[in-house]
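Colleague: Handing you this structure, nothing more for now.
The values are calculated or read from the model by the stated rules, or taken from the named source; none is laboratory data. Note that this is a predicted model, so its numbers are computed, not measured. Methodologically, a virtual Cβ is constructed for each residue, glycine included, from the backbone with ideal geometry; neighbour enumeration extends over all protein chains shown.
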Amino acid sequence: MRRGETGIKVLAPITLREPRLDDAGRPVRDDQGRVMCRTQVVATKPVTVFDVRQTDGPPLPDPKIGEVVLLPGQAPAGLWERLQGLLEERGFDVRRGAELGGPNGYTDFGGRLVMVRDNVADAQAVKTLAHEAGHVLLHQDQASRDCRGILEVEAESVAYMVTSAHGLASTRLTT
């Protein structure tokens, strides 16, 4: 921050972290025995922030916010088949099809179908399949939940974790 610059005040969350409790009131633990916690926003407070133009230092990358970039290249060997098997175990048929009118894939919970575009590279197709698997694993009972944005972020997070674990760089928004 440059000397003499004036920031603006914004509201920042104040969070409370509490252990998750089971029906008997005991803390719930994960596989490693750590107490699982939940975080909730309980209030807000004013904090000062500065625009990047008020700072000195090396230039920051200029991300193209909202720009969708399709992944090129080959998928990790066997990943499509493993994801397809996971979905089939849960009663979903997996298919590839022509242009889907915008999205790279979709999940039809009623028809038990996961569809992925067939006119994208294998890397993009497997990333999309991982995204749709995220919907199947996380949202089967929540398909009509109010905030679609949350559902998409959760599914995209699953896709990122799966593809990253298999060496596929998928940090850009590709859905």
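Colleague: Going by what's in this entry, would Leu60 be described as surrounded by 10 or more Cβ atoms within 10 Å (Cβ to Cβ) and either in the same structural domain as Ala125 (by TED's automatic domain parsing) or of a type in the set (A, V, I, L, M) (or both)? Give the steps one after another, and end with the answer.
Modeller: Values: surrounded by 10 or more Cβ atoms within 10 Å (Cβ to Cβ): no; either in the same structural domain as Ala125 (by TED's automatic domain parsing) or of a type in the set (A, V, I, L, M) (or both): yes.
Here the answer is no, as Leu60 does not meet what is asked.
Colleague: Follow-up question, since we're still on this one. Of the residues that make up the stretch 139-157, is at least one in the same structural domain as Leu86 (by TED's automatic domain parsing), within 16 Å of Leu87 (Cα to Cα), modelled with pLDDT of 90 or more and not small (Gly, Ala, Ser)? Walk me through how you get there before you give the answer.
Modeller: Within the stretch 139-157, the subset in the same structural domain as Leu86 (by TED's automatic domain parsing) is 139-157.
Of the ones still in play, those that are also within 16 Å of Leu87 (Cα to Cα) are 139-141, 155.
From what is left, the residues that are modelled with pLDDT of 90 or more are 155.
So of that shortlist, the ones also not small (Gly, Ala, Ser) come out as none.
There is no residue in the stretch 139-157 that is in the same structural domain as Leu86 (by TED's automatic domain parsing), within 16 Å of Leu87 (Cα to Cα), modelled with pLDDT of 90 or more and not small (Gly, Ala, Ser).
Colleague: Take the conditions in contact (Cβ under 8 Å) with a residue 12 or more places away in the chain, within 15 Å of Val158 (Cβ to Cβ) and surrounded by fewer than 18 Cβ atoms within 10 Å (Cβ to Cβ) and apply them to Leu138. Does it pass?
Modeller: Working: in contact (Cβ under 8 Å) with a residue 12 or more places away in the chain: yes; within 15 Å of Val158 (Cβ to Cβ): yes; surrounded by fewer than 18 Cβ atoms within 10 Å (Cβ to Cβ): yes.
Yes.
Colleague: For residues in the stretch 56-102 being farther than 17 Å from Val116 by Cα and among the aliphatic types (A, V, I, L, M), which is modelled with the lowest pLDDT?
Modeller: So the residue we want is Ile65.
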